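Below: one structure, written as structure tokens.
The values are calculated or read from the model by the stated rules, or taken from the named source; none is laboratory data. Bear in mind that the values here come from a model prediction, so they are computed numbers and not experimental data. Because the Cβ atoms are built from the backbone with ideal geometry, glycine has one as well, and the counts that use them run over all protein chains shown.
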Amino acid sequence: MKRFFIATTAAPLLSLLVACGGGGGAVSAPTAAAGVTPNAIPRAIALPGGESGVSMDYLACDRTTGRVWVPAGNTGSVDVIDPSGDKVTRIQGFPTAELERHGKKRIVGPSAATLGDGVAYVGSRGDSSICAVDTTTLTRGACVVLDSMPDGLAFIASTKEVWATTPRDKSITILDVSTPSAPKVKTKFSLEGEPEGYAVDDARGIFYTNLEDKDRTLAIDIKSRKVLSTWEPKCGEDGPKGLALDHALRFLLVACSDHVLALDAGHEGKLLSHIDTGEGVDNIDYLESRHELYAGAGKAAKLTIARLDPAGALSSLAVIATVAGARNAVVDADGNAYLTDSAGGKIQRIAAAPPAR
């Protein structure tokens, strides 16, 4: 996942824009819609020691408890935000390392999390490890070190595995977590490009990822590790980013840098619709109970909330002003969204609007 770290003050808050309608192409001009708050103001949740910024990438939201897991890279910690946002618990002790990229040095550490059976798994760029953390006691348990730096993590319930995208050597590393607190490397398989983003269809046994450098989206059989389908989202030079899935409809949402596509994963990846988001989208989230997509555009400083209808058409529900750099949204069961604000050392929380009718 490509990262950018922008030092900035908060952008002026704009009015919430609402749009209705669908179709398979560009979204219609904003108009009033029922069920959307007319003004949404992001609430900043400060992370401990974040005054100089906190490097963040993938978040994880436990939709049962409402807790949000924030791997806080350069601090060597993971911050766990309670649903109210008033309490932040820090889990320390993760290694960090100094890396140089494009002539600039930076500190890296915990960067991704996924939720398993009573355990959160945290991937760290500091030492290429994945560690188990008890979700009740918030204590760090056993760790396993990979031979390549992990990026995204996904828990596969049916096979008791964690799949880690490892783009530096164009592979996916699979962990055995049949003993949840003791992850161990099970196998690894290679791809023809750098995997980026993930979505899991456990019922059908399919893992989705992108090849960012090849502008491809893959459907992979979870048991055989074989690529079943390859699609071309045509995101352009920056390639595809995050993924999300409507399991019931079998529609796959693919994030490009400035828009999101809806593909029919059950019918050869047919393009169903797209929605513009503004520049700077990375990871995305989807709340299936409300059929709502959440896409934070860091460079455009806005969050787009869109509805996915049964025909696969994406239509805008809200566009909310955030701050420059805010991205990688996750959403809880009630529709509250959380975005990373690395430069500010904060999480931007946007309260849920009533469900659209």
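Numbers below:
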{"quantity": "Which numbered condition Met149 misses (of (1) in a strand (DSSP E or B); (2) without any contact (Cβ under 8 Å) to a residue 40 or more places away in the chain; (3) of a type in the set (A, V, I, L, M, F, W, C))", "calculated": "(1)"}
{"quantity": "Count - residues of segment 330-357 that are farther than 18 Å from Ala60 by Cβ and either touching a strand residue (DSSP E or B) at 6+ places or on another chain (Cβ under 6 Å) or modelled with pLDDT under 95 (or both)", "calculated": "7"}
{"quantity": "Lys241 vs. criteria under 25 Å from Ala132 (Cβ atoms), touching a Gly at 6+ places or on another chain (Cβ under 9 Å), not small (Gly, Ala, Ser) and not in a strand (DSSP E or B)", "calculated": "no"}
{"quantity": "Near pairs, Cβ below 6 angstrom, 6+ apart or cross-chain, from segment 295-320 (farther than 13 Å from Phe251 by Cα) to any residue that is at pLDDT below 95 and not aliphatic (A, V, I, L, M)", "calculated": "Ser315/Gly21; Ser315/Gly22"}
{"quantity": "Qualifying position, being buried (at least 21 other Cβ atoms within 10 Å of the Cβ) and either within 22 Å of the chain's Cα centre (by Cα) or at pLDDT 95 or above (or both), among Phe207, Phe189", "calculated": "Phe207"}
{"quantity": "Total residues in segment 254-310, condition under 18 Å from Asn336 (Cα atoms), in a strand (DSSP E or B) and not aromatic (Phe, Trp, Tyr)", "calculated": "16"}
{"quantity": "Meets criteria (under 17 Å from Pro240 (Cα atoms), of a type outside the set (Gly, Ala, Ser) and modelled with pLDDT of 95 or more) for Tyr286", "calculated": "yes"}
{"quantity": "Within segment 96-115, considering residues that are surrounded by 22 or more Cβ atoms within 10 Å (Cβ to Cβ) and not β-branched (Val, Ile, Thr), the one farthest from the chain's Cα centre (by Cα)", "calculated": "Gly109"}
{"quantity": "Among residues of segment 133-152, those that are surrounded by 16 or more Cβ atoms within 10 Å (Cβ to Cβ) and β-branched (Val, Ile, Thr), counted", "calculated": "3"}
{"quantity": "Count - residues of segment 316-338 that are within 18 Å of Thr64 (Cα to Cα), among the hydrophobic types (A, V, I, L, M, F, W, C) and not in a strand (DSSP E or B)", "calculated": "1"}
{"quantity": "Cβ-Cβ under 6 Å pairs, at least 6 apart or on other chains, segment 243-258 side touching a residue at least 40 places away in the same chain (Cβ under 8 Å), far side surrounded by fewer than 19 Cβ atoms within 10 Å (Cβ to Cβ) and part of a loop (DSSP other than H, G, I, E, B)", "calculated": "Asp246/Glu288; Arg250/Gly266; Asp258/Glu279"}
{"quantity": "The listed residue being among the acidic types (Asp, Glu) and under 21 Å from Arg327 (Cβ atoms), out of Glu232, Glu268, Glu237, Glu288", "calculated": "Glu237"}
